[in-house]
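The values are calculated or read from the model by the stated rules, or taken from the named source; none is laboratory data. This is a predicted model, so every value here is computed, not measured. Glycine gets a Cβ as well: all are built from the backbone with ideal geometry, and neighbour counts include every protein chain shown.
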Amino acid sequence: MRKPKRPEIPRVLGYIRVSTHEQAESGASPEAQTAAIGKAAAINGWEISEIIPDNGTSGTIAPDSRIGLSRALAMLDGGQADMLVASKIDRVSRSVLDFVTLVDRAERNGWQLVTLDVQVDTSTPVGEAMRGMLAVFAQLERRFISQRTKEGLAVKRSQGVTLGRPVQIPADVAARIRQLREEMLTWQAIADTLNADGVPTARGGQWKWSTVRDVHARLLRADAERS
């Protein structure tokens, strides 16, 4: 995994997100978030290339499914910017698992993810420690998801519901999706990898992030039924 190197004057993409119910909250307003990012840029000598918004969007939505953040990530991965800055960690994601996946993506592709309320810059000792803590909670989130899935299946079985719809993809493709997700790739990154390698979907089409997510969810349900 390649460590990102901060250039002398990094090109910064500011990211702001406001859900519908947060529009009236001054601390979460687009203006407040933009001001916080601007202040940090002035103090640290960053060059803000663009402020990219996702307004009326929930933080529970996967990063690659948000129009603004998805565009920002594509620019960062493509070398058009060096750093993504948000005023708070919950602006980027309310899921620890999704956030840790983004941190890994940043390290892998040579850019930096900075949130002003939580230090996640892994080039510093504090950031390295924070990264480790987030990884622990990401694993805990995975366990909770698995537990809730098992409990939900148990309820359905008690109600006489037939479970276990077969996954209509080859076993090797299913295993690859499972492995790539365990390596903390995003749904979109997995879809892009399968498409680049010419792996067809069950219907012979192109992979979408939602298709990959649904296949992985069915794999988890199948695991829970066998356990």
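Which fully enclosed helices (runs of 4 or more DSSP H) of the range 116-227 have 1 or more residues being modelled with pLDDT of 75 or more? Break it down stepwise before answering.
Values: elements: 125-158, 171-182, 187-196, 209-226.
The qualifying helices (runs of 4 or more DSSP H) are 171-182, 187-196, 209-226.
Restrict the check to the range 79-88 and report whether at least one residue is without any contact (Cβ under 8 Å) to a residue 40 or more places away in the chain, buried (at least 21 other Cβ atoms within 10 Å of the Cβ) and either under 9 Å from the mean Cα position of the chain (by Cα) or closer than 20 Å to D54 by Cα (or both).
No, the range 79-88 contains no residue that is without any contact (Cβ under 8 Å) to a residue 40 or more places away in the chain, buried (at least 21 other Cβ atoms within 10 Å of the Cβ) and either under 9 Å from the mean Cα position of the chain (by Cα) or closer than 20 Å to D54 by Cα (or both).
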